[in-house]
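Peer 1: Mind looking over this structure? Questions follow.
Any read-out appearing in this document is the output of simple, stated calculations on the displayed coordinates, not a laboratory observation. Just so we're clear, the structure is a prediction, and the values are computed from it rather than from any experiment. Neighbour counts run over all protein chains shown; Cβ positions are idealised from the backbone, glycine included.
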Amino acid sequence: MAYSKKVVDKFENTINEPAKFNVGRFDPTELNVGTGMVGAPACGDVMKLQIKCEPQGNTHVIKDVKFKTYGCGSAIASSSELVEMLIGKTLEEAKGIKNIDIVEALELPPIKIHCSVLAEDSIKQAIDDYEQKQ
Amino acid sequence: MSTDINLPIYLDYASTTPVDPRVASKIFEHLTLDGNFGNPASRSHKFGWKAEESVEEARSHVANLVGCDPREIVWTSGATEADNLAIKGIANFYQSKGKHIITSKIEHKAVLDPCRQLEREGFEVTYLDPNEGGLTTLESIKNATRDDTVLISIMHINNELGTINDLEAIGSYAREKGIFFHVDAAQSTGKVEINLAELPVDLMSFSAHKTYGPKGIGALFVRRKPRVRIEAQMHGGGHERGMRSGTLATHQIVGMGEAFRIAKEEMLEDNKRIDALHTKFYDEVSKIEEIYVNGDSENKVTNILNISFAYVEGESLIMALKDIAVSSGSACTSASLEPSYVLRALGRKDELASSSIRFSFGRFTTEEEVEYTLTLIHHAVDRLRELSPLWEMYLDGIDLDSVDWQTH
């Protein structure tokens, strides 16, 4: 398998210590929670990302994140990597995260770029959901 | 967990087997100056005669395991070449008789690709759908048969599922219709009894490396009575009665012969042990919720077990099981990102097809290895399901088919 050590480590750490790596769920009906779910089982990956935010000044800050991912090793590693990038960011900063940031952080092989695209889509959706609730 | 076993644990015997040490020493005897290194085609000296003797003895061992005449065995470089020689050989030789071939969608690529090639050369091929258990039914063959059908090529044991086709029924029908019947039996030797003296099969492909022999050697059975003729695909020297030219690889041939001799002798014992390992494995793994065994459970060998772990993706499961060498129905590790064509042909949904793992046991698998594997599987499936949004939805009672997925 053409995975970098970074992907393998991230994958293994995430499955071995799920709580530490923000695996879990928030109640999606809570007003301060935004949920994004992208992908499809038939395509082999589904990412569910939830952000919990707080207003701060004239923006909102991501205080906590939970995720669950069904997919190949790099899909799981990509979402776990994304989650780490998100905590403490304002929504504007979070919107600025691009898939290439994940590709670079994990050294994803070219055929696994779509995993990072999925991760980028999931944060966009979660922010949309959150903003619609405000 | 006890780790006095060597990791990773090899449970991919259907892919290839290690060479039995007894076979390896036989091979070594046929390589060096002090050994039997001669060219079996050399007629003018003892080196050649001795090599020929070894080759013929090996041929008898192969014939003996499958119940045919040694003169019906043609050495090839493996089952892939045997499949090519059989399919193209029949098609080319008998093309005036008809240009239609019947095979199934879940054959090995070594059968499917030669068929595709023949299509490019003007033949017509019907690729049958197996039933949901992975078996090719006689009914489907009957429905596909035409006046110009010249060959039926159906595998004996499916490499991904371990399912066993009814060769007797298909062969009898083929014979009645005057259609040649080729069988890819790469997974069969040493697993199930084959008696070609009785079985109505015209051509059968064998491989050494699935039965504790070396890679790079195989054989094609070509029936003498009633006589089956094939057009050679390799020319140059007229070896193997003109059907397959090329200097015989004595060391590999004796390796295959010895492997098949041992298989004949130890098959019952091997199978009894593997049956017990299979039962132990199956009983334990079936305690896991939402698993599906792929392939007909009645007509199946016990050395192969193909299981889909629902709500867990196959490649991630293989990564989580890094101490176990198994293969996945999912080809997500390659660029194609396609679930197994075999499981899809069975009508399995893509997500179940891509969550499948093939476990295959063999002569050197121990009970301790199976126990350790089971512990790892429980652990990995639990962890990945905890991580799976699909598992969460399943537990919440959501029907995944009713969800409007955002495909990308």
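Peer 1: Which one is farthest from the other protein chains (Cβ to nearest Cβ), of the residues in region A:38-66 that are at negative phi and not in a strand (DSSP E or B)? If you could, list the steps in order and put the result at the bottom.
Peer 2: We begin by selecting, within region A:38-66, every residue at negative phi; these are A:38, A:40-43, A:45-56, A:58-66.
From what's left, not in a strand (DSSP E or B): A:41-43, A:58.
On the way: A:P41: 4, A:A42: 4, A:C43: 6, A:N58: 31 Å.
Once the filter is applied, the top-ranked residue is A:N58.
Peer 1: Right, something else. Out of A:I123, A:I76, A:I113, I need the residue that is out of contact with any Ser or Thr (no Cβ under 8 Å at 6 or more places or on another chain), crowded, with 24+ Cβ neighbours inside 10 Å and part of a helix (DSSP H, G or I). Which one?
Peer 2: Details: A:I76 fails: out of contact with any Ser or Thr (no Cβ under 8 Å at 6 or more places or on another chain); A:I113 fails: crowded, with 24+ Cβ neighbours inside 10 Å.
Just a single option satisfies the conditions, and that option is A:I123.
Peer 1: Select from region B:1-44 the residues that are in a helix (DSSP H, G or I) and among the small types (G, A, S) and list them in ascending order.
Peer 2: Of all residues in region B:1-44, those in a helix (DSSP H, G or I) come to B:21-28.
Within region B:1-44, B:A24, B:S25 qualify.
Peer 1: Among the residues of region B:190-226, how many are closer than 14 Å to B:E81 by Cβ and surrounded by 24 or more Cβ atoms within 10 Å (Cβ to Cβ)? If you could, list the steps in order and put the result at the bottom.
Peer 2: Let us first name the residues in region B:190-226 that are closer than 14 Å to B:E81 by Cβ, namely B:203-209, B:215-222.
Filter once more, keeping what is surrounded by 24 or more Cβ atoms within 10 Å (Cβ to Cβ): B:203-208, B:217-222.
Number of matching residues: 12.
Peer 1: Another one. Quick one: which residue in A:T35, A:T69 is more than 8 Å from chain B (Cβ to nearest Cβ), among the hydroxyl-bearing types (S, T, Y) and in a strand (DSSP E or B)? Give the steps one after another, and end with the answer.
Peer 2: Working: A:T69 fails: more than 8 Å from chain B (Cβ to nearest Cβ).
Step by step, each of A:T35, A:T69 is checked, and only A:T35 is more than 8 Å from chain B (Cβ to nearest Cβ), among the hydroxyl-bearing types (S, T, Y) and in a strand (DSSP E or B).
Peer 1: To continue, here is another question. Give me the residue from region B:70-105 that is among the basic types (K, R) and part of a helix (DSSP H, G or I) and, out of that set, farthest from B:T126 (Cα to Cα).
Peer 2: Here is the first cut: in region B:70-105, the ones among the basic types (K, R) are B:71, B:88, B:97, B:99, B:105.
Those left that are additionally part of a helix (DSSP H, G or I): B:71, B:88.
Working: B:R71: 32, B:K88: 15 Å.
Selected residue: B:R71.
Peer 1: Can you tell me which residues in region A:7-25 are part of a loop (DSSP other than H, G, I, E, B), more than 10 Å from chain B (Cβ to nearest Cβ) and among the basic types (K, R)?
Peer 2: Selection gives A:K20 alone.
Peer 1: If you check B:D4, B:D34, B:D20, which single one turns out to be among the charged types (D, E, K, R) and surrounded by 14 or more Cβ atoms within 10 Å (Cβ to Cβ)?
Peer 2: Working: B:D4 fails: surrounded by 14 or more Cβ atoms within 10 Å (Cβ to Cβ); B:D34 fails: surrounded by 14 or more Cβ atoms within 10 Å (Cβ to Cβ).
Result: B:D20 is the single residue among B:D4, B:D34, B:D20 that is among the charged types (D, E, K, R) and surrounded by 14 or more Cβ atoms within 10 Å (Cβ to Cβ).
Peer 1: Can you go through A:I76, A:I113, A:I87 and tell me which one is away from every other protein chain (no Cβ under 14 Å) and either touching a residue at least 24 places away in the same chain (Cβ under 8 Å) or not charged (D, E, K, R) (or both)? First the steps, then the outcome.
Peer 2: On the way: A:I76 fails: away from every other protein chain (no Cβ under 14 Å); A:I113 fails: away from every other protein chain (no Cβ under 14 Å).
Of A:I76, A:I113, A:I87, the one residue that is away from every other protein chain (no Cβ under 14 Å) and either touching a residue at least 24 places away in the same chain (Cβ under 8 Å) or not charged (D, E, K, R) (or both) is A:I87.
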